[in-house]
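Peer 1: Below is one structure. I have some questions about it.
What follows is calculated from the coordinates using simple rules that are stated; it is not laboratory data. Only a predicted model underlies this, so the values are computations on that prediction, with no experimental measurement involved. Because the Cβ atoms are built from the backbone with ideal geometry, glycine has one as well, and the counts that use them run over all protein chains shown.
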Amino acid sequence: MTTEKLPTVPTLAARGITVGPLSATDVEARAGEVTLVAVEGGQRADFLALMLAGRMTPKAGVVELDGREDPKGLRKRVAIVDAPDTSAPADSLPLASVVTEELVFAGLRAPRRATRKLLADENLSDLASTPIGEVPAAARIRVLTRTAAAHPDVDILVIATPDRHGGDTAAWYDTAHAWAARGYTVIVLASAAAVDAAG
């Protein structure tokens, strides 16, 4: 006798959430998967990221974590990666300074040494003093996703509009899948064209 496998509860689910210029949006994301969400224009991606991370209350709709409403849990477990008006670093900051600051927030010991190791691991040591606004798009997303994931409680990554930096769609898509393969829940907010290209 065969038994039908019951669908797993999404790690994060948004039902009809809206605020400001963002129209009602649904998101279902599970651990170990990459969820692509098409978001067009202005601050919509920032608003959506903030609501998914429990940092903004939707005007309508609900966000659930593991099947229930838990804004505190969202704030603890969700990291927003490179959102233009929220978490993106100032373009003029050196790459090494950005990484060190993020690792300090993550509570790592000896953050400067950890920064040197991280940049070496990513083959970016030669760009340590380069303003992050001048760092190639693929490397930027790779590094900012890695530092966001360094926070010990984070297991959900919301990568905001990586396509705005240009470059090859496959680069940030590969980064998203690499973290999903490690068991993270990964949500990428991007333009419809970028979502189509990635999908």
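Peer 1: Over the Cα atoms of segment 25-143, what is the Rg over Rh ratio if Rh follows Kirkwood?
Peer 2: My calculation of the ratio gives 1.01.
Peer 1: Mind checking which of TRP172, PRO152, VAL78 is farthest towards the positive end of segment 12-198's charge dipole, using Cβ charges of +1 (Lys, Arg) and -1 (Asp, Glu) about the Cα centre?
Peer 2: PRO152
Peer 1: Also: Let me have the 222 nm mean residue ellipticity of the chain computed from DSSP H runs of 4+ only, each contributing -39500 (n - 2.57), with the sum over all residues rounded to the nearest 500.
Peer 2: One gets -10500 deg cm²/dmol as the mean residue ellipticity at 222 nm.
Peer 1: Right, here's the next one. Taking every pair of distinct Cα atoms and averaging 1/r, then inverting, what Kirkwood hydrodynamic radius in Å comes out for segment 89-183?
Peer 2: Taking every pair of different Cα atoms in segment 89-183, averaging 1/r and inverting gives 13.5 Å.
Peer 1: Mind listing the long-range amide H neighbours of VAL81? Cut-off is under 5 Å, sequence gap 5 or more, other chains count too, H placed in the peptide plane at 1.01 Å from N.
Peer 2: VAL158, ILE159, ALA160
Peer 1: Could you pull the Cα extents of the chain along its three principal axes, largest to smallest, in whole Å?
Peer 2: Rounded to whole Å, the extents work out to 55, 43, 32 Å.
Peer 1: If you line up the long axis of helix 137-149 against the longest principal axis of the chain, both from Cα atoms, how many degrees apart are they, to the nearest 10?
Peer 2: 70 degrees
Peer 1: Could you give me D for segment 41-81, from Stokes-Einstein at 10 °C and 1.306 mPa s, where the hydrodynamic radius is the Kirkwood radius over C-alpha pairs? Units µm² s⁻¹, please.
Peer 2: 152 µm²/s
Peer 1: Can you list the trypsin sites (Lys or Arg not before Pro) in segment 5-91 that are in a DSSP coil and have 15 or fewer other beta carbons within 10 angstrom?
Peer 2: Here the sparse-neighbourhood loop sites are LYS5, ARG55, LYS59.
Peer 1: To the nearest Å, what is the center-to-center distance of segment 12-27 and segment 63-96, using C-alpha atoms only?
Peer 2: Centre-to-centre distance over Cα atoms comes out at 16 Å.
Peer 1: Report the equivalent ellipsoid semi-axes for segment 61-115 in whole Å, largest first, defined as the square roots of five times the eigenvalues of the gyration tensor built from alpha carbon atoms.
Peer 2: 29, 16, 6
Peer 1: Which percent of Cα-Cα pairs in segment 144-188 sits in each 10 Å bin, short to long?
Peer 2: Whole-percent P(r) values from 0 Å outward: 27, 58, 14, 1.
Peer 1: Turning to a different aspect of this structure: Can you work out the FRET efficiency for the pair GLU122 and ASP85, with r the C-beta to C-beta distance and R0 = 25 Å, to the nearest 0.05?
Peer 2: Efficiency, rounded to the nearest 0.05: 0.45.
Peer 1: Round to the nearest 0.05 the FRET efficiency obtained for THR130 and LYS72 when R0 = 30 Å and r is the Cβ-Cβ distance.
Peer 2: It comes out at approximately 0.20.
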